[in-house]
Amino acid sequence: MPVISFILKALVIILAQVVIFNNIVLLNVAVPFVFIYIIMAMPVTWSTNVSVAAGFLIGLAIDICSDTPGVNALACTVLAFARKPIFHLYVQRDEDLTGLPPSVRTLGVPVFMKYALTMTLAYCMMVFTIDAFAIFSFWRMLSQIVCSTAFTFVIIYALDAIFSSKRK
Amino acid sequence: MHELFSFFIRWSKWFVFVFFVALSCALLFSGNPYQHHVYLTSANSVASGIYNMRNSVASYFDLREINEDLNLRNAALESEVLALREQIREADARIQSDTMHLPGVLAQYNFVVAHVISNSIARAHNYITINKGSDDGIAPEMGVIDRNGVVGIVNVTGPHSARIISLLNPHFKLSCKIKGSEHFGSLVWDGNDPTVALLEELPRHTVFAPGDTIVTSGYSAVFPEGIPVGYVMEDQRRHDENFFTLRVRLSTDFTTLSNVQVVVDSLRAEHIALQAYDTDKQ
């Protein structure tokens with residue numbers, strides 16, 4: 001059952017990304033990558049094999065819909081692989097939180113904020129570095145990374161409030 | 001044998017990770033966008049279905065500006081029609097003695113009107129998806145324009161949708177000239193500002209002033225001659241050895257793109273046959 005609700009949630013978020021968030025660009029630099037919330041919210045007990053495969057599929061779906069072949073697939077694969085180490089930067093292994101999907105409700109505000117910010121920053125750095133292979137401009141890349149991280153983080157924080165309060 | 005299995009199981013996450021990274025890299029570095037399969041682009045049926053639904057709602061949002069643009073265009077065409085009528089009247093008088101046939105420049109071209117269902121401007125390589133495809137007579141390498149100017153070139157087609165390489169994509173180079181002169185250069189986007197592109201390889205002796213109109217040269221057979229592309233911005237010449245590079249303000253507003261026309265060249269088959277003939281000879 002948690003798997004089915006996870007898949008439904010993932011589909012809703014991918015659809016929202018493709019239909020709404022892909023069309024939002026603030027100041028020509030800030031792009032919201034809301035779909036990485038799906039990777040963030042995978043229960044930490046899932047094996048790395050499963051989460052990497054799921055990450056790749058999520059990235060591929062976004063790539064197909066937004067004509068960026070491979071960019072998001074690669075970044076999502078790496079992010080899903082790095083998810084567990086990043087999570088354990090902030091949560092000790094012996095704490096009994098690991099079976100639940102990471103959210104404000106399960107981790108508390110400060111830990112979740114640190115976790116979400118690190119994941120978002122990692123993702124934005126990957127995506128815009130890959131983009132920079134096509135057209136390289138250092139200051140543009142830097143402003144894209146900083147602004148997109150901030151923008152994505154704000155939306156993901158709001159999204160987390162919606163999704164984790166629903167299940168109370 | 002047992003040790004081999006336990007080796008694979010112990011290191012399985014690295015194998016899975018490397019496998020998916022390799023798969024992503026294969027997609028990422030597949031290079032030429034013409035080689036992408038239609039299922040891997042936004043012209044596939046699921047993605048274009050989603051975009052069609054979205055567009056059926058969102059296309060109402062820009063109607064006010066589009067209406068204004070159309071009114072302006074209508075007025076311009078109206079005055080052009082009057083001017084042409086005048087010319088025809090004069091020509092008719094002369095034609096009495098002379099059975100001359102005057103083919104229009106655009107007679108060989110038809111236009112298929114399509115709606116943009118997906119568009120991007122902020123990426124390094126931007127693409128546009130439209131809701132007409134091969135069933136409507138659209139084929140790869142056809143030009144796409146809108147009411148203000150050049151938009152892009154058709155890249156991949158599905159039966160009811162097609163993907164266009166936007167002018168805002170470094171894969172797309174457009175042969176252009178300054179209106180009223182015959183010197184031509186190559187227009188390419190530099191990846192920064194969706195309203196500005198660069199006109200490169202313009203011969204040094206070209207005469208121009210800021211505000212001059214840039215139009216298509218008509219050398220590529222993808223676009224008819226004289227379709228507006230943009231305007232020369234302030235006099236910012238970058239000196240190369242023998243060539244100028246100009247900054248051009250694009251006349252097409254890519255942020256509010258909604259209706260476009262695909263240029264169908266009725267002589268296209270003939271052009272392709274001629275080019276093939278040439279290469280066969282060599």
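For chain A, take the longest principal axis of its alpha carbons; what is the angle in degrees between that and the long axis of helix A:138-166, to the nearest 10 within 0 to 90? The angle comes out at about 30 degrees. Seen against the Cα atoms of chain A and their longest principal axis, helix A:2-19 is set at about 20 degrees. Karplus-based coupling profile of segment B:134-139, in residue order and whole Hz: 4, 5, 9, x, 8, 10, with θ = phi - 60° in 6.51 cos²θ - 1.76 cosθ + 1.60 and x standing for Gly or Pro.
As a proxy for reagent exposure, A:V29, B:V263, A:V50 were ordered by neighbouring Cβ count within 10 angstrom, fewest first; the result is A:V50, A:V29, B:V263. The distance between label points at B:E141 and B:Y219 comes to 1.7 nm (points 7 Å beyond Cα on the Cα→Cβ vector).
Only the Cβ atoms of Lys and Arg (+1) and of Asp and Glu (-1) were treated as charged; on that basis the dipole of chain A about its Cα centre amounts to roughly 340 debye.
Each of B:H2 and B:E182 was given a label point 7 Å from its Cα along the Cα-to-Cβ line. The distance between the two points is 8.7 nm. Only residues of segment B:185-199 count here: report those whose backbone N is under 17 Å from the spot 7 Å along Cα→Cβ of B:F243, or say none. Backbone N within reach: B:185-191, B:197-199. For chain B, the mean residue ellipticity at 222 nm estimated from helices alone is -10500 deg cm²/dmol, where every DSSP H run of n ≥ 4 contributes -39500 (n - 2.57) and the total is divided by all residues, rounded to the nearest 500. Assuming charge only on the beta carbon of Lys and Arg (+1) and of Asp and Glu (-1), the dipole of the protein assembly as shown about its Cα centre is about 1920 debye to the nearest 20. Across B:S59, B:S217, B:S258, mean-square fluctuation computed from a Gaussian network of chain B (C-alpha pairs under 10 Å connected) peaks at B:S59. Excluding the site residues themselves, the longest part of chain B lacking any chymotrypsin sites (Phe, Trp or Tyr not before Pro) in a DSSP loop with at most 16 other Cβ atoms within 10 Å is B:62-218. In this rough spin-label picture, where each label sits 7 Å from Cα along the Cβ direction, the A:V146-B:I9 distance is 5.0 nm. Neighbouring Cβ atoms from other chains, within 10 Å of the Cβ of residues in B:11-21, number 6 on average. Of the residues A:V111, A:V19, A:V44, the one that moves most in a GNM of chain A with alpha-carbon contacts below 10 Å is A:V19. Our summary gives segment A:2-166 a relative contact order of 27 percent, counting only alpha carbon pairs under 8 angstrom and 6 or more residues apart.
Okay, helix-only estimate at 222 nm for chain A: each DSSP H run of n ≥ 4 adds -39500 (n - 2.57), divide by all residues, round to 500 deg cm²/dmol; what do you get?
That calculation yields -23500 deg cm²/dmol at 222 nm.
One quarter of the convex hull surface built on the alpha carbon atoms of the protein assembly as shown amounts to 30.6 nm², the projected area averaged over directions. Per the Kirkwood formula applied to alpha carbons, chain A shows a radius of gyration over Rh ratio, Rg over Rh, of 0.95. Have a look at B:A22, B:A47, B:A269 and tell me which one the Gaussian network model of chain B (Cα, springs below 10 Å) gives the largest fluctuation. Of the options given, B:A22 has the highest mean-square fluctuation.
Between the helical axis of A:109-132 and the longest alpha-carbon principal axis of chain A there is an angle of about 30 degrees.
Test of understanding: what is the full-extension gain from B:V18 to B:N67, defined as 0.36 nm times their sequence separation minus their Cα-Cα distance?
12.4 nm
By the combined test of axial Cα extent (at least 15 Å) and Kyte-Doolittle hydropathy (mean at least 1.0), the qualifying DSSP H helices of chain B come to B:12-28.
Here, each number is a calculation from the coordinates, and none is a lab measurement. Just so we're clear, the structure is a prediction, and the values are computed from it rather than from any experiment. As a convention, Cβ positions derive from the backbone with ideal geometry for all residues, glycine included, and neighbour counts pool all protein chains shown.
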